[in-house]
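Undergrad: I have a structure I would like to understand better, so I am pasting it below and will then ask my questions one at a time.
Please treat every number below as a calculation from the coordinates, not as lab data. Predicted model only: the values in this text are computed from it and were never measured. Note that we place each Cβ from the backbone using ideal geometry, even for glycine, and neighbour counts take in every protein chain shown.
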Amino acid sequence: MSQNVGGRRYDPGADHDYRSITEVSSYAEAEHIIDTLSDAGFPIQNARIVGVNLESVEQVTGRMTTLRAGGMGALSGALWGAFIGLFWVLFMPQVAGQALLMGAGVGAILGGIVNAVAQKLQGGRRDFASVRTTRANSYEIQIRSAFVHQAYMTLAQAGITTF
């Protein structure tokens, strides 16, 4: 089954048509190789960067208490409320200050309450804050089979020969 991704047809079943030409340790190196191919006029739609050996890393950033959750919710709610208040300003410019303050105030109260209640309902199961990322240990540059030789030649002309 094909999908339209970024204005182009993508067929996941065609993945077997790609060949790895090199593997690098950083995404920046992979980007450099793709940029080199692109700058040389290589038909870049026949290339892709594939992360290898993906791992999920969750960095714990601190303890999450009901009070902290409420504070974070209040801040987030205040920002959303002020944003909604800006729309009121479009229709009633004479009350701009009040609209922004009311929006921020109501948003802060609702956001704080909702987040505090949600944290309390967790029952201590997840009383920490964290940031989760997925990263690859290395990156493969893969090229469609019909263009592998052209890619090697293009990179060799650019002085990239570590294959």
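Undergrad: Report, as a whole number in µm² per second, the diffusion coefficient that Stokes-Einstein gives for region 65-126 at 10 °C and 1.306 mPa s using the Kirkwood radius over alpha carbon pairs.
TA: Values: Rh = 11.9 Å.
Once the numbers are plugged in, D ends up at 134 µm²/s.
Undergrad: Quick one: in region 27-113, what % of C-alpha pairs are over 16 Å apart?
TA: Working: 2630 of 3741 pairs.
So the pairs more than 16 Å apart make up 70 percent of the total in region 27-113.
Undergrad: Using the alpha-carbon atoms, what tilt in degrees (0 to 90, nearest 10) does helix 27-39 show relative to the longest principal axis of the chain?
TA: Value to nearest ten degrees: 60.
Undergrad: While we're looking at this one, here's another question. With runs of 4+ DSSP H residues as the only contributors, calculate the mean residue ellipticity of the chain at 222 nm using -39,500 (n - 2.57) per run, divided by the residue total and rounded to the nearest 500. Walk me through the intermediate numbers first.
TA: Values: 4 runs with 75 residues, N = 163.
Rounded to the nearest 500, the figure is -15500 deg cm²/dmol.
Undergrad: Among GLY77, ILE33, ASN46, which residue has its Cα positioned farthest towards the positive end of the charge dipole of the chain, with +1 placed on the Cβ of Lys and Arg, -1 on the Cβ of Asp and Glu, and the dipole taken about the Cα centre?
TA: GLY77
Undergrad: Treating only the Cβ of Lys, Arg, Asp and Glu as charged (+1, +1, -1, -1), what charge dipole size does the chain show about its Cα centre? Round to the nearest 20 debye. Don't skip to the end; give the middle numbers.
TA: Details: 12 positive and 12 negative charges, 158 e Å.
Roughly 760 debye, rounded to the nearest 20.
Undergrad: So, one more: Please state, as a whole number in µm²/s, the translational diffusion coefficient that the Stokes-Einstein equation yields for the chain at 20 °C and 1.002 mPa s, with Rh defined as the Kirkwood radius across alpha carbon pairs. Numbers along the way, then the final one.
TA: Details: Rh = 20.6 Å.
D = 104 µm²/s.
Undergrad: Can you work out ³J(HN,Hα) from phi for every residue in region 99-116, in order, using Karplus 6.51 cos²θ - 1.76 cosθ + 1.60 and θ = phi - 60°, giving whole Hz and x for Gly and Pro?
TA: Couplings: 5, 5, 5, 5, x, 5, x, 5, x, 5, 5, 5, x, x, 5, 4, 5, 5 Hz.
Undergrad: Quick one: Karplus J couplings for region 58-69, per residue in order, coefficients 6.51, -1.76, 1.60, θ = phi - 60°, nearest Hz, x for Gly and Pro?
TA: 10, 8, 6, 9, x, 7, 10, 9, 4, 5, 5, 4
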